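Report on one structure; see the data block that follows.
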Amino acid sequence: MSRQIYLSGKFVPQEDAKISVFDHGLLYGDGVFEGLRSYDGKVFRLHEHIVRLYESAKAIWLTIPMSQDQMCDAVNESVRINKIDDGYIRLVVTRGAGTLGLDPNRCSHPQVIIIADAISLYPKELYEKGLEIITVSVQRMHPAALNPRIKSLNYLNNILAKIEGLQAGCIEALMLNHKGEVAECTGDNIFLVRRGALWTPPLEAGILEGITRDAVIECAQAAGIEVRETPLTKHDVYIADECFLTGTAAEVIPVVKVDSRPIGPGQPGPVTRDLEQRFKRLTQTSS
Ligand code: PXG
C-alpha cells in the first residue's frame, strides 16, 4: 500500500518522498531517528519519544526546524491519514543536503521524515518459547566515541553485532561494553530476574535509555518488584533465573538461552510473563 510520507512540512506519496544524495544523513549517517508504535490508532509514549529525539539532536548540534508540539502533531497526523491502527512509525531527522565534506555547517536545511506503516513483528512462536541469543565480539560503542544514548542514524555498530548474531543463528545479539559489562542488544534492552528482583544495566553502561525499558521498570515497581540498575557481567546473565528483552518492536520477549546456556529452567519464567502482561495492558490503556 502506498503511504503518505511527511517530508519537511508536507505529506507526499511515498513514490515522491525523496531526499538529496548530498544529504549528510545518507553520506555520513549524520542525523537522528526514533521508532514508535501505535496501538489502536494511538501512539505509545509519543511525548517520551519526541523528547528523546530532540535530546539526541541536541547532543549532535542538530536543530530540528519545528517545535516538539508540531512534531507530535505531525506524527499523529501521519498515523491518521495513513489509517494506521497497530503500526510502526519511523521518525528521521537528517542534517540535510550539504557538500562532499564532513562539515555540517555546509548543510542548509535539516530534513524531517515521518513514515507510518504496518509493523513486522517477531514470530508469535518466539514469544511462546523464548529467544536464544549469543554475546557477540562486537563491543557496544564507547560513550566517549559516540554515546549510545544518542539514537543516531549511524547504526553500524548495532548492524555488525546483528550480523554476527544472525550468522550464529540468533535474531538478537547481546553486546558488552568496553569494560566487558553487559550493555544491551542490537535493538533491545536486557533485563534479568534473580532472587525475585529485576536487574538491568544502568545508563552509564553505555546503552540507549529505552522507552520500553522505562515502561517495564514502572510496571515492575507497580507490581512491588525491586528494580536494580547495576553493572552486570555475562556471568550474571548465565546464572539468572529469567531473562527478557524490551524494545519498541519486540515489546517484552523472553530469552531462554544465552551462549548455549539455558537460563533458569530454559523456559520463559513467571516474572517475565507477568511483566509481559502488565506491559500489554499499558499499551492498551495509555497513548
Ligand atoms: N537499544 C537500542 C540500541 C535500540 O536501538 C532499544 C534499545 C529499545 O528502545 P525502545 O525505546 O524502543 O524501547 C532500541 C530501539 C528498528 C527499530 O526499526 C529499532 C529500535 C526501536 C524501534 C525500531 O530497527 N531500537
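The values are calculated or read from the model by the stated rules, or taken from the named source; none is laboratory data. In this text, all values refer to a predicted model and were calculated from it rather than measured experimentally. All Cβ positions, even for glycine, are placed from backbone atoms using ideal geometry, and neighbour counts span all protein chains on display. To get the accessible areas, we keep the full protein, side chains included, count just its heavy atoms, and leave off ligands, DNA and RNA. Shrake-Rupley method; radii C 1.70, N 1.55, O 1.52, S 1.80 Å.
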Failed criterion for Lys179 (all others in (1) at pLDDT 95 or above; (2) open to solvent by 60 Å² or more (accessible area, probe 1.4 Å); (3) within 13 Å of the ligand (Cβ to nearest atom) hold): (3)
Residues of the stretch 1-46 satisfying the condition of being outside any loop (DSSP other than H, G, I, E, B), acidic (Asp, Glu) and under 28 Å from Pro148 (Cα atoms): Asp23, Glu34
Residue list for the stretch 187-204, filter: small (Gly, Ala, Ser) and within 16 Å of the chain's Cα centre (by Cα): Gly187
Residues of the stretch 226-251 satisfying the condition of being assigned to a strand (DSSP E or B) and closer than 17 Å to Pro268 by Cβ: Glu242, Cys243, Phe244, Leu245, Thr246, Gly247, Glu251
In the stretch 153-176, the residues that are open to solvent by less than 40 Å² (accessible area, probe 1.4 Å) and either touching a Ser or Thr at 6+ places or on another chain (Cβ under 6 Å) or more than 10 Å from the ligand (Cβ to nearest atom) (or both): Asn158, Ala161, Gly165, Cys170, Glu172, Ala173, Leu174, Leu176
Residue pairs meeting the criteria (Cβ under 8 Å; at least 6 apart or on separate chains; first in the same structural domain as Arg90 (by TED's automatic domain parsing) and open to solvent by less than 80 Å² (accessible area, probe 1.4 Å), in the stretch 47-65; second part of a helix (DSSP H, G or I) and among the aromatic types (Phe, Trp, Tyr)): Ile64/Tyr54
Filter pass, Ile114 being of a type in the set (A, V, I, L, M, F, W, C), closer than 30 Å to Met1 by Cα, more than 12 Å from the ligand (Cβ to nearest atom) and open to solvent by less than 20 Å² (accessible area, probe 1.4 Å): yes
Check on Val252, in contact with a Ser or Thr (Cβ under 8 Å, 6 or more places away or on another chain), within 16 Å of the ligand (Cβ to nearest atom) and open to solvent by 10 Å² or more (accessible area, probe 1.4 Å): no
Filter result for the condition that a residue is in a loop (DSSP other than H, G, I, E, B), under 24 Å from Arg3 (Cα atoms), open to solvent by less than 40 Å² (accessible area, probe 1.4 Å) and within 16 Å of the ligand (Cβ to nearest atom), over Ile84, Ile89: Ile84
